[in-house]
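The structure under discussion appears below in the form of structure tokens.
The values are calculated or read from the model by the stated rules, or taken from the named source; none is laboratory data. Every value quoted in this text rests on a predicted model; they were computed, and no experiment measured them. Note that we place each Cβ from the backbone using ideal geometry, even for glycine, and neighbour counts take in every protein chain shown. Just so you know, the surface numbers come from the protein's heavy atoms only, side chains and all, with ligands and any DNA or RNA stripped out. Shrake-Rupley method; radii C 1.70, N 1.55, O 1.52, S 1.80 Å.
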There are 4 protein chains.
Amino acid sequence: MTDQTKNRIRKFVEDRDWGQYHSPANLAKSISIEANELLECFQWSDTDYDLQRVKEELADVLVYCQDMLDALDLDEDEIINMKMDMNAKKYPVEKAKGNNKKYTEL
Amino acid sequence: MTDQTKNRIRKFVEDRDWGQYHSPANLAKSISIEANELLECFQWSDTDYDLQRVKEELADVLVYCQDMLDALDLDEDEIINMKMDMNAKKYPVEKAKGNNKKYTEL
Amino acid sequence: MTDQTKNRIRKFVEDRDWGQYHSPANLAKSISIEANELLECFQWSDTDYDLQRVKEELADVLVYCQDMLDALDLDEDEIINMKMDMNAKKYPVEKAKGNNKKYTEL
Amino acid sequence: MTDQTKNRIRKFVEDRDWGQYHSPANLAKSISIEANELLECFQWSDTDYDLQRVKEELADVLVYCQDMLDALDLDEDEIINMKMDMNAKKYPVEKAKGNNKKYTEL
């Protein structure tokens, strides 16, 4: 996400005085709620979906994720790279290649 | 997210030959599943949470969102700005300021 | 659910003094969290799932639903029949038969 | 749930020829989607919720759970009691009483 987009999201919240509702807990609920509006696009079929609606719902998930990063003053790249380091250990290429088992079953 | 981080996520998937599992439908399920691991951090309390676990689970949500952007060849900034245009119409400042009602009730 | 099973669930909560955590909001989070552990059984495949785990996770969803019915003093059959009356109007047989469109698109 | 209510749910599905869409995977998605419509009742407040909407959304979760029990030919009381046996071992009264830690942390 560019800084311009991030700042647009922040200004949107600020203009509406919505920071008061953006506790981490409320944002976690919001991310799940929007993730399930995204999931609804695939409720009855994996392949016959409305791409425009998928874009809108995925955008909503991403906006609330940015709100949560802001609420907790976190850096997206930092937490993702921290987690990718963990994932690389949990899913070594030689074990995980071409299979989708959970690391606890590898 | 920097291009470096995006490319790390893509290489991670490629190295494990996991693209075959990354249908939009499977990724929508994955985003919801990770969103709920994030929500679990706040299951019984809004304020007493494990920040390290929050970072890990939020990172997981963001990684699967990036996987979905990649699977559908979407640009994050484009879809977010498209959605923010819609949100600005649904939630005009003068009506939405300081209240958390859904646009259908504004 | 038999009254015996309902009473077992209630006694389980009572014995552990967990009623204090069972606000409707916390139970709504819990239902979503367990629903996503159920969804995880189908994360990468619709057909290759662990039936034992499906049973356990579906049971968890049902237990938290019962906890919520208890917390709000609701009768399961009453709310389901009330909702089924609504569904019957939203999805008349002649329009809904054999298609899975949402009522807003019928 | 009474047999009468269960049979009403089954007849509703049958009349609309919807059994074809009721794979366990689709029903797992549906349970999560409805659980999040329930969660939406508590998105911004734990205490200021619309009870009528809570009833409707909780009913939707319960209906899809019944659909899943039917699709997999499972008995509700059997799977719940099986899971309660497991829970009783994971959460012994003397350890779990009055605290909400996960069994892995008890």
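For segment C:64-76, a residue qualifies if it is more than 7 Å from chain D (Cβ to nearest Cβ) and under 14 Å from the mean Cα position of the chain (by Cα), and the qualifying residues are C:TYR64, C:GLN66, C:ASP67, C:LEU69, C:ASP70, C:ASP75. Per the listing A:GLN66, A:GLN43, the residue uniquely more than 25 Å from B:ASP17 (Cα to Cα) and assigned to a helix (DSSP H, G or I) is A:GLN66. If you go through segment B:22-37 one residue at a time, do you hit one that is over 23 Å from D:CYS41 (Cβ atoms), within 7 Å of chain A (Cβ to nearest Cβ) and among the aliphatic types (A, V, I, L, M)? Yes: segment B:22-37 contains one or more residues that are over 23 Å from D:CYS41 (Cβ atoms), within 7 Å of chain A (Cβ to nearest Cβ) and among the aliphatic types (A, V, I, L, M). For segment B:24-76, which residues satisfy the criterion of being among the acidic types (Asp, Glu) and without any contact (Cβ under 8 Å) to a residue 60 or more places away in the chain? Once the filter is applied, which keeps residues that are among the acidic types (Asp, Glu) and without any contact (Cβ under 8 Å) to a residue 60 or more places away in the chain, segment B:24-76 yields B:GLU34, B:GLU37, B:GLU40, B:ASP46, B:ASP48, B:ASP50, B:GLU56, B:GLU57, B:ASP60, B:ASP67, B:ASP73, B:ASP75. Looking only at residues of segment A:10-60 that are surrounded by 19 or more Cβ atoms within 10 Å (Cβ to Cβ) and among the acidic types (Asp, Glu), we find that the one that is farthest from B:MET86 (Cα to Cα) is A:GLU40. Counting residues in segment D:77-97 that are facing another protein chain (nearest Cβ under 8 Å) and either closer than 24 Å to C:ASN100 by Cβ or in contact (Cβ under 8 Å) with a residue 60 or more places away in the chain (or both) gives zero. The one condition from (1) crowded, with 18+ Cβ neighbours inside 10 Å; (2) free of Cβ contacts under 8 Å to residues at least 60 places away in the same chain; (3) assigned to a helix (DSSP H, G or I) that C:ASN7 does not meet is (1). Filtering segment C:69-106 to residues that are under 30 Å from C:VAL13 (Cβ atoms), open to solvent by less than 60 Å² (accessible area, probe 1.4 Å) and in a loop (DSSP other than H, G, I, E, B) leaves C:LEU72, C:LEU74. So for segment A:44-63 (the condition being under 17 Å from B:VAL54 (Cβ atoms), touching an Asp or Glu at 6+ places or on another chain (Cβ under 6 Å) and more than 9 Å from chain B (Cβ to nearest Cβ)), does at least one residue qualify? Within segment A:44-63, not a single residue is under 17 Å from B:VAL54 (Cβ atoms), touching an Asp or Glu at 6+ places or on another chain (Cβ under 6 Å) and more than 9 Å from chain B (Cβ to nearest Cβ).
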